[in-house]
Amino acid sequence: MPGVVAKNRYNYHLSEIIRKRAWVEIDLSALSHNVRQIKQLLSPKTALMAVVKADAYGHGAIAVAQTALQAGASALAVATLGEGIELREAGITAPILILGAINTPEEIAAIAHWNLEPTLCYPEQAMVVSQTLSQCEKVLPVHLKLDTGMSRLGIPWHQGTEFVTLVKQLPYLNLRSVYSHLATADDPDPSHMYLQHKRFKSAIANLKTQGIGPPRLHFANSAATLIAPQLHYDLVRVGLGLYGLYPAPHLRSIVPLKPVLQVKAKITQIKSIPTNTGVSYGYQFVSDRPMKIAVVGIGYADGVPRNLSNRLQVLIQGQRVRQIGAITMDQLMLDVSHLRQVKVGDVVTLIGQDGDYEITADHWARMLGTISWEILCGFKHRLPRIKHHDKVPQGVMAENLP
C-alpha cells in the first residue's frame, strides 16, 4: 500500500542511527604504525608505556589500549581510578599505572581489587596505602613520583631518599619504580628540561649513596622520547605521539607519525541566500553576494569550538570550504558556492584528510591559541567513535591553514 514502509528495511538501533549525523573515525592501523615508529627510537632495555588517560585523548581507551599493547607497548598509564577499572573490566591484564594521586581507603581497596598500580606522592599518602592494604592482606606495586620542577604532584626531589626509605620500610608496598615528569620538554630551549634531569639524576645518586638500589626509572614524555635518548631510562611514557601528533613543530622531522583521529559530519540542508543576508546567531556573517550555503549537523556541543566561527575551514570533495556565521550548539554553516555537485548527505571532513589536503588538530589549536591535546580531548561522546584498520592514504599534504 502507498505510504506503508516495508518492515525491516531500516536499522533502528541507536548505535547505527547516531552514525548518520557526525562521528569520529579512529584509524587503528595508524596507531599501530606510531607505536612501532616510537619503539624504533628506544633501546631494547627501554619499554613503552602507552598513556591512555582521558579516554585515550578522546580516541577510545579500550580499543587504543588493546591496539597499543598488540603493537608493542608493555604497560598503560591512566589518570584516574575509574579509567583503570574500565580497562580491567574490558579484560586488559597489562600493568596499569594511575598517574593521579589516590588518597582514600575506598579508592586504595579498589586499586588492590583491580590489580592497578598507584602513584605515591607524599609520606602520609604512602602510610594510608600501606595501612589499607594490610586490611586487604595484599601486596601492591607502587610508583614514587619526584617533583623535579613541574610543581604539581610528587615529593620534592631533594627529599627523595627519605621518601624511598620510608616506602621500602612500609609493609604491603612493593616499590616498582621512581619517576618524574617534565614541564618544558617540547620547548626548543632544552635548558630547563636538562635542569630537571640533573635533579632527577641527583636524587637517584643519593639513593645509591645510601645503599638503596633504585628500582625501575622513567622520566621521558612524548617530547623527551623523541629528542633525548639519555632520558629514556627503563621506560618512556608516551601520550600525544601515539595519536600521530607532535608536541612541537620542531620535532616533526624525527619520526614519521600518522594522525589517528578524523572528525566528519554530513550536510543536512543546502539553500541559496541573496546578498546582504545574515547567517546564524548575531549575524556575525552577512553575505556580500548571492551564496549557496550548506548546513552541517555538528556544533559546539560536539566539540567544535564556537571561537572558530568564521575562521574554520573544512574539506568537501577534496576541496577547502570556509565556515560562515556563528557555530551553534548542534550545527554550523558553510559557503559551498564554488561546489557544483554538493548535495545533502555529502561528508564534511573537519579534521582529517580528503584528497590532497589535510586539516589537523594542530591547525585548530593555532587558531585558538591552545594546544592539540585540548582539541583532541574536546570531542564529546555524542560523536560515536568508529574504529577501523584501513591504511592512511599516502601523499596527503598538510594544508598551511592559519
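Going by the structure shown, is Ile270 surrounded by fewer than 19 Cβ atoms within 10 Å (Cβ to Cβ), under 30 Å from Gln317 (Cβ atoms), over 24 Å from the mean Cα position of the chain (by Cα) and β-branched (Val, Ile, Thr)?
Considered against the rule, which asks whether it is surrounded by fewer than 19 Cβ atoms within 10 Å (Cβ to Cβ), under 30 Å from Gln317 (Cβ atoms), over 24 Å from the mean Cα position of the chain (by Cα) and β-branched (Val, Ile, Thr), Ile270 comes out as yes.
Quick one: in region 76-91, which of the residues that are in contact (Cβ under 8 Å) with a residue 12 or more places away in the chain and open to solvent by 10 Å² or more (accessible area, probe 1.4 Å) is nearest to the chain's Cα centre (by Cα)?
Step by step, filter region 76-91, then rank; the result is Ala79.
Restricted to region 273-312, and to residues that are under 27 Å from the mean Cα position of the chain (by Cα) and on the phi > 0 side of the Ramachandran plot, which residue is surrounded by the most Cβ atoms within 10 Å (Cβ to Cβ)?
Gly303
What residue, among those in region 201-230 that are in contact with a Ser or Thr (Cβ under 8 Å, 6 or more places away or on another chain), surrounded by fewer than 24 Cβ atoms within 10 Å (Cβ to Cβ) and under 28 Å from Gln37 (Cα atoms), is modelled with the lowest pLDDT?
Filtering first and then ranking leaves Pro215.
This table checks each residue for (1) at pLDDT 95 or above; (2) hydrophobic (A, V, I, L, M, F, W, C); (3) assigned by the TED database to the domain that holds Tyr57.
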| residue | (1), (2), (3) |
| --- | --- |
| Ile293 | yes, yes, no |
| Gly303 | yes, no, no |
| Val314 | yes, yes, no |
| Arg320 | yes, no, no |
| Leu332 | yes, yes, no |
| Arg340 | no, no, no |
| Thr349 | yes, no, no |
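One line per residue, one yes/no per condition, for (1) without any contact (Cβ under 8 Å) to a residue 24 or more places away in the chain; (2) assigned to a strand (DSSP E or B):
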position: Val167; (1), (2): no, no
position: Pro171; (1), (2): no, no
position: Ser177; (1), (2): no, yes
position: Leu195; (1), (2): no, no
position: Phe200; (1), (2): no, no
position: Gly211; (1), (2): yes, no
position: Ala223; (1), (2): no, no
position: Leu226; (1), (2): no, no
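Are any of the residues in region 231-245 over 20 Å from the mean Cα position of the chain (by Cα), among the small types (Gly, Ala, Ser) and outside any helix (DSSP H, G or I)?
So far as region 231-245 goes, no, none of its residues is over 20 Å from the mean Cα position of the chain (by Cα), among the small types (Gly, Ala, Ser) and outside any helix (DSSP H, G or I).
Name the residue, out of Asn115, Asn103, that is touching a helix residue (DSSP H, G or I) at 6+ places or on another chain (Cβ under 8 Å) and at pLDDT below 95.
Values: Asn115 fails: at pLDDT below 95.
It is Asn103.
From the list Leu339, Leu315, pick out the single residue that is open to solvent by less than 10 Å² (accessible area, probe 1.4 Å) and outside any loop (DSSP other than H, G, I, E, B).
On the way: Leu339 fails: outside any loop (DSSP other than H, G, I, E, B).
Among Leu339, Leu315, only Leu315 is open to solvent by less than 10 Å² (accessible area, probe 1.4 Å) and outside any loop (DSSP other than H, G, I, E, B).
Among the numbered criteria (1) under 21 Å from the mean Cα position of the chain (by Cα); (2) closer than 30 Å to Ile62 by Cβ; (3) surrounded by 15 or more Cβ atoms within 10 Å (Cβ to Cβ), which single criterion is violated by His381?
The number of the failed condition is (3).
For region 174-190, enumerate the residues that are open to solvent by 70 Å² or more (accessible area, probe 1.4 Å) and of a type in the set (Phe, Trp, Tyr).
Across region 174-190, there are no qualifying residues.
Name the single residue, out of those in region 130-150 being more than 16 Å from Ile98 (Cβ to Cβ) and among the hydrophobic types (A, V, I, L, M, F, W, C), that is most open to solvent (accessible area, probe 1.4 Å).
Out of the qualifying residues, it is Val139.
Which residues, counting only those in region 179-193, are outside any loop (DSSP other than H, G, I, E, B) and in contact with a strand residue (DSSP E or B) (Cβ under 7 Å, 6 or more places away or on another chain)?
Passing the criteria: only Tyr179.
Checking Met329 against (1) open to solvent by 20 Å² or more (accessible area, probe 1.4 Å); (2) touching a Lys or Arg at 6+ places or on another chain (Cβ under 7 Å); (3) not acidic (Asp, Glu), which single condition isn't satisfied?
(2)
In the set Leu153, Leu166, Leu120, which member is open to solvent by less than 30 Å² (accessible area, probe 1.4 Å) and at pLDDT 95 or above?
The conditions single out Leu120.
Of the residues Pro259, Pro249, which is within 30 Å of His192 (Cβ to Cβ), within 26 Å of the chain's Cα centre (by Cα) and open to solvent by less than 50 Å² (accessible area, probe 1.4 Å)?
Pro259
The values are calculated or read from the model by the stated rules, or taken from the named source; none is laboratory data. Keep in mind the model is a prediction, meaning the values are calculated, not measured. Quick reminder, even Gly has a Cβ in these numbers, built from the backbone with ideal geometry, and neighbours come from all protein chains shown. SASA here: full protein model, heavy atoms, side chains in, ligands and nucleic acids out. Shrake-Rupley method; radii C 1.70, N 1.55, O 1.52, S 1.80 Å.
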